[in-house]
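The block underneath contains the structure these notes are about, expressed in C-alpha cells.
Just so it is clear, none of the values below were taken in a lab; they were calculated from the coordinates. The shown structure was predicted, so the numbers you read here are calculated from the model rather than taken from an experiment. In this analysis, Cβ positions are derived from the backbone assuming ideal geometry, glycine residues included, and neighbour counts consider all displayed protein chains.
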Amino acid sequence: MATTVGVKNSTNFAFYVGAVKVAKQTDASMEGSTDERDITTKDSNNWQELIPGLKSGSFSVSGLWADSGYTVPSILSLWVNDTVGTNKFGDGTNDVTVDSWMTNVSVQSPGAAQNVIFNATFRWCGEPTIT
C-alpha cells in the first residue's frame with residue numbers, strides 16, 4: 001500500500017502577490033537557474049572546468065479569469081506599471097518569497113463556450129527567502 005506521509009499536495013501550493021493569493025489559479029510554478037563560468041585553461045587536460053555564476057529565478061502562474069479576489073485586471077496593472085513587489089510561492093509552511101516583477105502576461109479566449117485563461121511570469125529581483 002502506498003503511503004502519502006510527507007508528500008505535498010499540489011492543491012495547497014499557490015502563487016501570491018504580496019499576501020494575497022491570485023484568484024482561480026490552475027497552475028503555479030517556480031524555476032531557478034545558475035549560469036556557468038568557464039574557467040578552462042591549458043592546464044585542464046582537455047577537460048572543461050566550470051564554476052557557478054549568477055543565479056536567477058522566476059515564478060509562473062496560470063488560471064481562469066475571475067471577477068472577484070486578486071484578478072486578471074489586477075495582474076495586468078502590475079505589468080502596465082512595471083511594479084516590483086514581494087511575491088510568494090508555497091503552502092504557508094514551505095515558501096519561497098522574493099521581490100519580483102512581471103516579464104510576461106497573456107490572456108486567451110480560446111473559442112465559443114470556453115474558459116478565458118491567463119498566464120503570467122515574474123522574474124526575481126535578488127535573493128529569495130526560503131522558509
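Being within 18 Å of Thr103 (Cα to Cα) and touching a residue at least 12 places away in the same chain (Cβ under 8 Å): is that true of Gly32 here? Criteria met by Gly32. Does at least one position in the range 47-55 carry a residue that is outside any helix (DSSP H, G or I), surrounded by fewer than 12 Cβ atoms within 10 Å (Cβ to Cβ) and within 16 Å of the chain's Cα centre (by Cα)? Checked the range 47-55: no residue is outside any helix (DSSP H, G or I), surrounded by fewer than 12 Cβ atoms within 10 Å (Cβ to Cβ) and within 16 Å of the chain's Cα centre (by Cα).
Determine which member of the set Gly63, Gly126 is part of a strand (DSSP E or B) and within 16 Å of the chain's Cα centre (by Cα). Outline the logic, then answer.
Details: Gly126 fails: part of a strand (DSSP E or B).
Just a single option satisfies the conditions, and that option is Gly63.
Considering Thr34, Thr40, the condition of being β-branched (Val, Ile, Thr) and in a loop (DSSP other than H, G, I, E, B) is satisfied by Thr40 alone. Output the residues belonging to the range 1-31 that are surrounded by 13 or more Cβ atoms within 10 Å (Cβ to Cβ) and part of a loop (DSSP other than H, G, I, E, B). Scanning the range 1-31 gives Phe13, Ala23, Lys24. A single member of Gln25, Gln108, Gln48 is farther than 14 Å from Arg123 by Cβ and touching a Gly at 6+ places or on another chain (Cβ under 7 Å), and it is Gln25.
If you take the residues in the range 91-111 that are in contact with a helix residue (DSSP H, G or I) (Cβ under 9 Å, 6 or more places away or on another chain) and assigned to a strand (DSSP E or B), which one is farthest from Ser29 (Cα to Cα)? Outline the logic, then answer.
Of all residues in the range 91-111, those in contact with a helix residue (DSSP H, G or I) (Cβ under 9 Å, 6 or more places away or on another chain) come to 91-93, 101-105, 107.
Among the residues that remain, those that are also assigned to a strand (DSSP E or B) are: 101-105, 107.
Values: Trp101: 15, Met102: 14, Thr103: 15, Asn104: 14, Val105: 15, Val107: 18 Å.
Within the range 91-111, the match that is farthest from Ser29 (Cα to Cα) is Val107.
Checking each residue in the range 74-88 for being within 15 Å of Trp124 (Cβ to Cβ) and in contact (Cβ under 8 Å) with a residue 24 or more places away in the chain picks out Leu78, Val84, Gly85, Thr86, Asn87, Lys88. Of everything in the range 66-78 that is surrounded by 15 or more Cβ atoms within 10 Å (Cβ to Cβ) and not aromatic (Phe, Trp, Tyr), the residue that is farthest from the chain's Cα centre (by Cα) is Ala66.
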